[in-house]
Ligand code: ADP
Ligand code: NI
């Protein structure tokens, strides 16, 4: 199998498996992460075959989508074996994916993991990040905002996570992209509170 054949196979499988998912981990989230990750990989001179492959697979077997149990290693291996991917490539992809997840609190060590993590985090900020936060919150039946009981609202998530991501970027390219997207979050919140208070 050529690298192109592996990527095509994985793309088609991810398209089938993740299309129409409603909590913000849908196919198009993954497609955006791939685009951004490849862009960063080119700037940072990383192995972009590995970066692209890991980006396509970064949400496979995730505990959030599998009833709390992490099945990424098992599911990624099963997928990549179907296209006769060399076992050292499979091991590298699993290693990258295991370092990526924010919610697992992992620190990315390899350059490829740093890049996929940056791309995944960039999709949680900016205009898209805002849309995803409210989609995710809604899927958990959370309120948009509640100044009396802010504990579990989607707006609270901005303070818990989204506004902190800019300072957690791993690569210079990621940091530069995060700057604008972060500013957009700040502007959004400013307007949100204005409108909340009945101002223009
Ligand atoms: P990852 O898949 O990188 O581990 P998460 O599952 O934590 O990340 O986040 C996926 C998306 O859901 C992100 O856009 C994130 O902002 C959003 N999200 C996660 N937790 C919450 C929450 N409590 N409220 C609103 N949005 C959330
Ligand atoms: Ni993701």
Query raised in the report: Restricting the search to region 16-27, which residues are within 16 Å of the chain's Cα centre (by Cα) and either surrounded by fewer than 16 Cβ atoms within 10 Å (Cβ to Cβ) or in a loop (DSSP other than H, G, I, E, B) (or both)?
Result: 19, 21, 22, 23, 24, 25, 26
Query raised in the report: Residues 100, 116: which one is assigned by TED's automatic domain parsing to the domain that holds residue 33 and touching a helix residue (DSSP H, G or I) at 6+ places or on another chain (Cβ under 7 Å)?
Result: 100
Report task. Can you confirm whether region 160-171 contains a residue that is near ligand 1 (Cβ under 8 Å from one of its atoms), more than 30 Å from residue 50 (Cα to Cα) and over 16 Å from the mean Cα position of the chain (by Cα)? Result -> yes
**Report entry** Lone unmet requirement of (1) more than 9 Å from ligand 1 (Cβ to nearest atom); (2) closer than 22 Å to residue 22 by Cβ; (3) more than 16 Å from the chain's Cα centre (by Cα) for residue 189
**Finding:** (2)
Query raised in the report: Taking region 48-69, which residues are outside any helix (DSSP H, G or I), at negative phi and either outside the structural domain of residue 99 (by TED's automatic domain parsing) or in contact (Cβ under 8 Å) with a residue 12 or more places away in the chain (or both)?
Result: 58, 59, 60, 62
**Report entry** The lone exception for residue 139 - which of (1) touching a residue at least 24 places away in the same chain (Cβ under 8 Å); (2) out of contact with any helix residue (DSSP H, G or I) (no Cβ under 8 Å at 6 or more places or on another chain); (3) away from ligand 1 (no atom under 15 Å from the Cβ) it fails
**Finding:** (3)
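Give 41, 46, 108, 124 a once-over and let me know the one that is within 16 Å of ligand 1 (Cβ to nearest atom), modelled with pLDDT of 95 or more and within 24 Å of residue 169 (Cα to Cα).
Going through 41, 46, 108, 124 in turn, just one is within 16 Å of ligand 1 (Cβ to nearest atom), modelled with pLDDT of 95 or more and within 24 Å of residue 169 (Cα to Cα): 124.
The values are calculated or read from the model by the stated rules, or taken from the named source; none is laboratory data. Owing to the predicted nature of the structure, the values given are computational and were not obtained by experimental measurement. Positions of Cβ are generated from backbone atoms using ideal geometry, with glycine treated the same way; all protein chains shown enter the neighbour counts.
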